[in-house]
1. Do you know which residues across the stretch 50-67 are surrounded by fewer than 10 Cβ atoms within 10 Å (Cβ to Cβ) and either within 18 Å of residue 12 (Cα to Cα) or in contact with a Gly (Cβ under 7 Å, 6 or more places away or on another chain) (or both)?
2. Residues in the stretch 46-65: is at least one in a helix (DSSP H, G or I), polar (S, T, N, Q), modelled with pLDDT under 95 and at negative phi?
3. Of all residues in the stretch 29-49, which are more than 20 Å from residue 4 (Cβ to Cβ) and either exposed (fewer than 10 other Cβ atoms within 10 Å of the Cβ) or of a type in the set (A, V, I, L, M) (or both)?
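The values are calculated or read from the model by the stated rules, or taken from the named source; none is laboratory data. Since the model is a prediction, treat every value here as computed from it, not as a measurement. All Cβ positions, even for glycine, are placed from backbone atoms using ideal geometry, and neighbour counts span all protein chains on display.
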Amino acid sequence: MTIDNAVMSFAGAVVLLGLLLGWLVTPYFYLLTAFAGLNLVQAGITGLCPAAMIFKRLGLKPGCAFR
């Protein structure tokens, strides 16, 4: 698995988890979904992604988007 795949999988899981918890527990969990979306936009603009940095330290291979 590359860093790109890991970041996209992690972001998707956070979005789905935020939606599920927002529906089942409290609507405040929708803020988690908003945070994930804002982080993706920020990473697209700046090229800096905290999740990519963590996955790189864990030893995942670089991909095209995150090196």
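1. Going residue by residue through the stretch 50-67, those that are surrounded by fewer than 10 Cβ atoms within 10 Å (Cβ to Cβ) are 57-59, 64.
Selection gives nothing.
2. Just the residues of the stretch 46-65 that are in a helix (DSSP H, G or I), to begin with: 46, 50-57.
Then keep just the ones that are polar (S, T, N, Q); that gives 46.
With the extra rule that they be modelled with pLDDT under 95, the set shrinks to 46.
Those left that are additionally at negative phi: 46.
Checked against the condition, which is being in a helix (DSSP H, G or I), polar (S, T, N, Q), modelled with pLDDT under 95 and at negative phi, the stretch 46-65 yields at least one hit.
3. Those that are more than 20 Å from residue 4 (Cβ to Cβ) and either exposed (fewer than 10 other Cβ atoms within 10 Å of the Cβ) or of a type in the set (A, V, I, L, M) (or both): 31, 32, 34.
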